[in-house]
Amino acid sequence: MRGMRFSINVPNFGDFADARTVAAVAAAAEQAGWDALFVWDHVVHRGHRRPFGDPWMLLTAAALATSRIRLGTLVTPVARRRPQQLARQVATLDAISGGRVIFGAGLGGPIEDEYGRFGETTDPVVLAERLDEGLDLLQRFWSGEPVNHHGQHYQVRDVTLLPATVQRPVRRSGSPDSGRTAGQCVEPPAGTARSRCSPPPGMDRFHLVTSSATWSPTSTSTAATGRRAPSRSSSVASAPATPPRHTI
């Protein structure tokens, strides 16, 4: 019976909008034996009037301060980003980190915050279409091969983005209990905090992944490693080796 992998998850606002703070937390987490660090991906969040940091800049700082732990977003709303720019950001971080990126993707939310406040559609059907089409494009961009695409939401004509990602992209989508293929999240019922997402059986390695869940083929908290996980809670301050305390 294998053990579990564990991650520290931090917002990209408040104290954690500072890349130096995120780098310090990442270094402390790695030293303490944690497996991954995930950063939220919001531009605004429920009306909070606080500093926000770009998650890819924050993760770059974390990558330069560490050498082992995996790094990723929790989760990136693909529908509000240009796929070509997002592909470059992820590939650059994957190169800087030596192939340690876990890419988590979803619709994002609250939708009215992430999209509506900027005059974009809040129709979840349209956003889901853009998510699916964007994920397909990302996987093709990361291959380093020429891309031609004529879709409902995106057009690409003879584009090759280099370098390719260090890792080979693996897409996982769906949820066994949702009637979908393995990996997609289901929106949680009102009043609950968790999406119903679980990795399909046998996924026991980290990869760069295009996924609408928050795991890579390893879950951020439930995948096997073959070793005992550090004692921890959801608070960064109570992680092993007690990294610096910050408020969110």
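Could you please state, rounded to a whole Å, how far the C-alpha centre of the stretch 27-50 is from the C-alpha centre of the stretch 101-158?
Here the answer is 23 Å between Cα centres.
With the Cα gyration tensor of the stretch 12-169 in hand, convert its eigenvalues to equivalent ellipsoid semi-axes via √(5λ) and list them largest first in whole Å.
Details: eigenvalues 139, 98, 23 Å².
Calculated on Cα positions only, the semi-axes equal 26, 22, 11 Å.
Tell me the Kirkwood hydrodynamic radius of the stretch 81-165 in angstroms, computed as one over the mean inverse distance between distinct C-alpha pairs.
Computed over Cα pairs of the stretch 81-165, the Kirkwood hydrodynamic radius comes out at 13.9 Å.
Calculated FRET efficiency, residue 84 and residue 4, Cβ-Cβ r, R0 35 Å, to nearest 0.05? The partial results should precede the final answer.
Values: r = 36 Å, r/R0 = 1.03.
The calculated FRET efficiency here is 0.45.
Label residue 92 and residue 126 with points 7 Å out from Cα along Cα→Cβ: what is the distance between them in nm?
Each label point lies 7 Å from its Cα, and together they span 2.9 nm.
Bear in mind that the values in this text are calculations on the coordinates, not laboratory data. Everything numeric in this text was worked out from a predicted model, so none of it was measured. With ideal geometry, Cβ positions are generated from the backbone for all residues, glycine too; neighbour counts draw on all protein chains shown.
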